[in-house]
1. Expressed in whole Å with the largest first, what are the equivalent ellipsoid semi-axes of the stretch 553-670 derived from the C-alpha gyration tensor as the square root of 5 times each eigenvalue?
2. Could you calculate the FRET efficiency of Asn348 with Leu578 from 1/(1 + (r/R0)^6), where r is the beta carbon distance between them and R0 is 41 Å, rounded to 0.05?
3. Given Cα positions, please report Rg to Rh for the stretch 82-128, the hydrodynamic radius being the Kirkwood one.
4. When the C-alpha atoms of the stretch 52-120 are aligned to their principal axes, what extent does each axis show, in angstrom, from largest down?
5. Percent relative contact order of the stretch 222-347, based on C-alpha pairs within less than 8 angstrom and at least six residues apart?
6. Might you tell me the accessible area per residue for the stretch 181-313, computed with a 1.4 Å probe and given in Å²?
7. Rolling a 1.4 angstrom probe over the protein heavy atoms, how many square angstrom per residue are accessible across the stretch 28-172?
8. To test your reading of the geometry: what angle, between 0 and 90 degrees and rounded to tens, separates the Cα axis of helix 296-308 from the longest principal axis of the chain?
Amino acid sequence: MPAADVHDKHHSEDPPPRVVILAVRPEVDGGRYPAKRVVGDTVDVEVDLTSDGHDVVRAMLLHRPPGDAVWHEVELRAVGNDTWRASFVATALGRHHYTVTGWVDAFATWRHGLERKVQVGTDVSVELLEGALLVDAAALRAERSGLGTAAMLRDLAGVLRSAEPMESRIATALSATLADTMARAPDRTHAARYRHELELHVERPLAATSSWYELFPRSTGDGRHGTFRDAERWLEYVADLGFDILYLPPIHPIGLAFRKGPDNSPTSGPEDVGSPWAIGAAEGGHTSVHPQLGTLDDFDHFFAAARSRGLDVALDIAFQCSPDHPWVREHPQWFKQRPDGTIQYAENPPKKYQDVYPFDFECADWRNLWAALRDVFLFWCDRGVRVFRVDNPHTKPIPFWEWCLREVQARVPETVFLSEAFTRPKLMYALAKSGFSQGYTYFTWRTTKWELENYLTELVHSPVADFYRPNFWPTTPDIFPEHLVYGGHAIFTQRLILAATLGANYGIYGPSFELMENVQRAGVEELARNEKYQLRSWDIMRPSSLRHVIARLNRIRRAHPALHDLRSLHFHRTDNELVMAYSKRRGDSIVLVVVNLDAHHTHRAWLDLDLAALGVQPEQTFQVHDLLSGARYSWRGPRNFVELVPDEMPAHIFEVRRFARSENQFEYFL
């Protein structure tokens, strides 16, 4: 680079910094989007940082919590090959910031050179005078910054240039006292700073670890249209199952125009209830409740009853309107007008959704439209709601979501957003980057060992993990995969265990799932008698229900922190392609899961365990306690045998307990 260009680039008479900061991790799209963590997480930052020659380099991780004007510093430690690491704890909800600075440490470089020369007997009298000058400069810096070490540094500089014996002066020069005091007043005149000030979005722990139960409140009336008061009777059941979140499909008035009949029939009768996603009628829109469910006061009572049982209530937010929605009359400019004067309804040929009008996010009045949609979230936040499942967000602009979610979370930092988007992977990732806390996944359709291991590796062990939190659902009201049609009790149990243990977030559509409904509607990947279009009655106490398995599984999840983790997921080799093994570890909590992927046949396999991933020494005996059956086995070494009978239980969930020896040499479990 010509000298003039260098001068123009740095706008200074000083040369540019010698330290080069090449990369910082986590960093999402060059700092364009924030990485994600939850309150209490230790945020591990890794930096590629280098400099020319052999001079000693120091570097600091700078981090700043929300609302804090002061940068906090943590010294980065070199771990080899010009890679440096440090950590900080995410202490508050909101947007944290972090970056990196580094500089050549002239004193540490001098000290290292002095030490080497002393070792080979070189005369270092001049070097001691050089060191005294460095200490003098540090004394000035300490005085200006009020560190209180200036006098000590001047005294130490005096020793270096004094007439004391050479051995005494060298001992002072190489002392830990001088090194530590100098480190507190470094010369950062030529420090480099990373080109980005990176952002970290910190949410509450529920964003990273959660279990969801979906319930249509209108189907809680035992044959008639249910109310919020009826749905309250289900709260104890859902809480006993051990779920964190009770998710309600849209609870708003449903339009009459083009109302759909049973199983998406284009015609409806006078008793047909329609789709809750056809939002809006004479009674109101997105900030009203369906009159047959009750009133807003009834909703508040239901919400308080759920919270008293430890359940968060998640609302479905679908940004679309029935032709009867008040906004269609009040704000026709928010919808796409066709040349014949009609409004464009939603289509996904050959499917037609005449009962739904999508918004025109690029209309001339887009600012007021965007603000009105944001205010829908804020309305429900004002009533205490903190969790939202957003319907089809991939059909709305990414810039809208980035603006809207940031606006809501700036005002209500506890909000958690689940993106219901089964679409192209990069679009799903773009939604996560724009602010969604969690996202639906392709888990529903991943069934083989190869598919599951490769898909989870992408989600967990790639940069995707810094911004995308997967949420695994075996089924939804919109999706019922074919493998559940024929697998019976074993396949439902298998998919439940996979969903709940592979990821940290999972959900089920109940009570359809625990009652193992398995009749598909002809020609589509949906259940027959679909609850989206009609009322259902449920016998939740049916003896064949999976409710006991679900409750046990959720108790296991709560009791074992390893299952709250995603990043520690580790796959272990087996000699059977229909048997999959994987583990998770958080501190002393270690869980190993082995699953028979064939719902119809017994399978046996030899496991080839990666003992290091389990925290087990090669010759160490360890116990595996099956948390589903209660059985316990003592294992030693990596190679161990399993047999799984799907009609009995298609999986083991092992707690790994390591043996150790006490001071008295008695064996016990860690």
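The values are calculated or read from the model by the stated rules, or taken from the named source; none is laboratory data. Since we're looking at a predicted model, the values are computed, not measured. Note that we place each Cβ from the backbone using ideal geometry, even for glycine, and neighbour counts take in every protein chain shown. Quick note on the areas: whole protein, heavy atoms, side chains included, nothing else; ligands and nucleic acids left out. Shrake-Rupley method; radii C 1.70, N 1.55, O 1.52, S 1.80 Å.
1. Working: eigenvalues 113, 52, 38 Å².
Each semi-axis is √(5λ); the values are 24, 16, 14 Å.
2. 0.70
3. Working: Rg = 19.3 Å, Rh = 14.8 Å.
Value, to two decimals: 1.31.
4. So the three principal-axis extents are 56, 23, 19 Å.
5. Details: 186 pairs, mean separation 38.7, N = 126.
In percent, rounded to a whole number, it is 31.
6. On the way: 5000 Å² over 133 residues.
Averaged over the residues of the stretch 181-313, the accessible area is 38 Å².
7. Numbers: 7170 Å² over 145 residues.
Using a 1.4 Å probe on heavy atoms only, each residue of the stretch 28-172 averages 49 Å².
8. 50 degrees
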